[in-house]
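> Below you will find the structure I want to go over with you.
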Amino acid sequence: MNKRCGYVSIIGRPNVGKSTLLNLLVGYKISAIANKPQTTRTNVRGIVTDENYQLIFTDTPGIHQQAKNLLNMTLNSEAVAALEDVDAVVMIVEALKWTDEDELALKRLKHVKSPVYLLVNKVDRVKPKERLFPYLEKVSAKYHFKEIIPGSATNQINTDRLLKVLVESAPEGEWAYDEDSITDQPIRSLCAEFIREQLVLNLHQELPYFTAVHIERYEETPRHVEIDAVIWVARESQKGIIIGKKGETLKRIGTDARRSIEEFIDKKVVIKQWVKVEEEWQNNPRHLQELGIMSNR
Ligand SMILES: Nc1nc2c(ncn2[C@@H]2O[C@H](COP(=O)(O)OP(=O)(O)OP(=O)(O)O)[C@@H](O)[C@H]2O)c(=O)[nH]1
Ligand SMILES: [Mg+2]
């Protein structure tokens, strides 16, 4: 069999399970997961290589409404940009739900020429299963999906089927990456992603939306890796909340992120963190570029 190499983008509204699917397929945690919308802030690439194929997945920020500031507009436009020049698209929705934001994500597929597969995710929660049938019928009328796959990224239901059809949609060709590559994200972005994940998990309500992480230094010594991270916030009061009483919240965020990074790079890690305030960072293009959220297209 000839080798196949294909590019696949994963899109959908926030919180449907895009990053969970990416991590499952890649077999490593490279994209942050949290039960809150807008966890993913940049397009994250994950590479899956088997004997006869290589698939290069792009996990995108959730497409959402009320994108009023530059940050939110950028998240939406980066997600849409990932639909260009791919061999297949996976749109994800949550079983039994169809919201205005799903509709918005669907609209973005209008000009997509490649096949679009719909993963109806989180079916593990649907009981009894018969409740799915009318839903599947309803979503099939919404777009000419190449195939609709009910499944679950956490419980690995039908994810093999999804992988199989994606491989079939990939053109024959040489691989774009080494067979042992799992991502093309620079290690600094991965570290920022792990810290951001802990911010989302450890902070309540809306606060994570106002935060961003930038790795200012990543240095390997023979014994360990030293990381200097800046957490940007928009207000002085947010800084206080992130630091917490006697610095406890920030410490917990650092410890949890350190564990994830150590597991990933298999080396001891020392993280130093600073919380800095810049009021309008979410509307500052230079800042968004520095953070890797806005690309230089
Ligand atoms: N029950 C169940 N939960 C799931 C499944 N897949 C993902 N989740 C959960 O859904 C939540 C959101 O998952 P993410 O992967 O972060 O979602 P996302 O689409 O990447 O979200 P954004 O980055 O905010 O756009 C997490 O709590 C996941 O554990 C599934 O198949 N079943
Ligand atoms: Mg995500």
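> From Leu104, Leu118, Leu55, which residue is away from ligand 2 (no atom under 14 Å from the Cβ), more than 19 Å from Gln156 (Cβ to Cβ) and at pLDDT 95 or above? Full working, then the answer.
Values: Leu118 fails: more than 19 Å from Gln156 (Cβ to Cβ); Leu55 fails: more than 19 Å from Gln156 (Cβ to Cβ).
Unique residue meeting the criteria: Leu104.
> Name the single residue, out of those in the range 143-172 being out of contact with any Ser or Thr (no Cβ under 7 Å at 6 or more places or on another chain) and among the hydroxyl-bearing types (Ser, Thr, Tyr), that is nearest to Met91 (Cα to Cα).
This residue is Tyr143.
> Would you mention how many residues in the range 254-272 are outside any helix (DSSP H, G or I) and without any contact (Cβ under 8 Å) to a residue 24 or more places away in the chain?
1
> Let me ask you something else. Test Ile187 against the stated conditions and say whether it is under 20 Å from the mean Cα position of the chain (by Cα) and surrounded by fewer than 18 Cβ atoms within 10 Å (Cβ to Cβ).
yes
> Can you name every residue in the range 130-153 that is within 14 Å of ligand 1 (Cβ to nearest atom) and out of contact with any Leu (no Cβ under 8 Å at 6 or more places or on another chain)?
Ser152
> Among all residue pairs at least 6 apart or on different chains, which show Cβ distances below 7 Å where the first residue, located in the range 1-29, is farther than 17 Å from Lys164 by Cβ and the second is part of a helix (DSSP H, G or I) and within 12 Å of ligand 1 (Cβ to nearest atom)?
Sorted first by the residue in the range 1-29, then by its partner, the pairs are Ile11/Ala79; Ile11/Ala105; Gly12/Lys18; Gly12/Ala105; Arg13/Glu101; Arg13/Asp102; Arg13/Ala105; Lys29/Asn23.
Table: residues versus (1) within 11 Å of ligand 2 (Cβ to nearest atom); (2) more than 10 Å from the chain's Cα centre (by Cα).
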| residue | (1), (2) |
| --- | --- |
| Gly12 | yes, yes |
| Gly17 | yes, no |
| Leu21 | yes, no |
| Gly27 | no, yes |
| Arg41 | yes, no |
| Asp50 | no, yes |
| Gly62 | yes, no |
| Asn72 | no, yes |
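> Is it the case that Glu206 is without any contact (Cβ under 8 Å) to a residue 12 or more places away in the chain and under 15 Å from Thr39 (Cα atoms)?
Taking the combined requirement at face value, the residue satisfies it.
The values are calculated or read from the model by the stated rules, or taken from the named source; none is laboratory data. Given the structure is predicted, the values throughout are model-derived calculations rather than measurements. Cβ sites come from the backbone with ideal geometry, for glycine too, and all protein chains shown count toward neighbours.
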